[in-house]
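One structure is given here, and the rest of the page talks about it.
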Amino acid sequence: MCWDFLAVEGVVQRAEGKEVEHDNLLKQLSVGSKLLFKVWQLVPKLKYLVLTAMAAVMLAVAWALRATLTARCPMSVSAGCRAALYNVLGSFAFDPSSAKASWLLVILSMLLIVTLVLLAGGLVSVSIWLIHRVFDTKKSMTVIASGVLFATVGWIVALFHLYPLNSLYLRIGRIKVPSRQ
């Protein structure tokens, strides 16, 4: 099976009635020359969808964290983590109307988790720098750090990016041509 190049001749030469398809083809070709984020440039509204999904995930994580904190540190217990949280945050630790962990406690817990992740990232960076110095590697720190990042978590991000968006990119990139008999 060979591809019929002449089937898109009208689109390429901007024939009458094919102006919209021609402009779409030019946009696809200019985006196709880019290395990354092609589908994001073809469908700008996709950014808002992803931001909305990220916000929904953050709300779900906050809700789950609140449920976990409430279950692990119930208000009815006067010792243990509930007492420690009450000593640190006072009446802001728990919501007395619902007997659940307060949203302030949830936000502070999320900030603590983010801080721990950033500290772990700093520790990894220092470790990479030490390995770079001790073994006197000839590669730049950027190459080493990006290699470690891509090998550990980058493939997960790429998988979540490519799996749904690659089919969308291929569907948008098709040029509709009339069938020949």
Sorted largest first, the Cα spans of segment 44-117 on the principal axes come out in Å as 52, 27, 17
Run the numbers on segment 44-117 and let me know its relative contact order in percent, using alpha-carbon pairs under 8 Å that are six or more apart.
28 percent
What does the extension gain come out to for Val50 and Leu170, with contour length at 0.36 nm per residue minus their alpha carbon separation?
41.3 nm
In whole Å, what three semi-axes, largest first, describe the equivalent ellipsoid of segment 84-181 built from its Cα gyration tensor (square root of 5 times each eigenvalue)?
43, 32, 7
Kindly give the semi-axes, whole Å and largest first, of the ellipsoid equivalent to the chain, taking each as the square root of 5 times a Cα gyration tensor eigenvalue.
52, 28, 12
Length gained if Arg133 through Leu118 is fully extended, taking 0.36 nm per residue and subtracting the Cα-Cα distance, is 3.1 nm
May I ask for the net charge around Leu104, where only other residues with Cβ less than 14 Å from the Cβ of Leu104 are counted and Lys, Arg are +1 while Asp, Glu are -1?
+1
Go ahead and estimate [θ] at 222 nm for the chain from helices alone: -39,500 (n - 2.57) per DSSP H run with n ≥ 4, summed, over the residue count, rounded to 500.
-21500 deg cm²/dmol
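Taken together, the values in this text are just the output of simple stated rules run on the coordinates, not laboratory data. Model, not experiment: these values are computed from the prediction. Here Cβ is always computed from backbone atoms with ideal geometry, including for glycine, and neighbour counts include all displayed protein chains.
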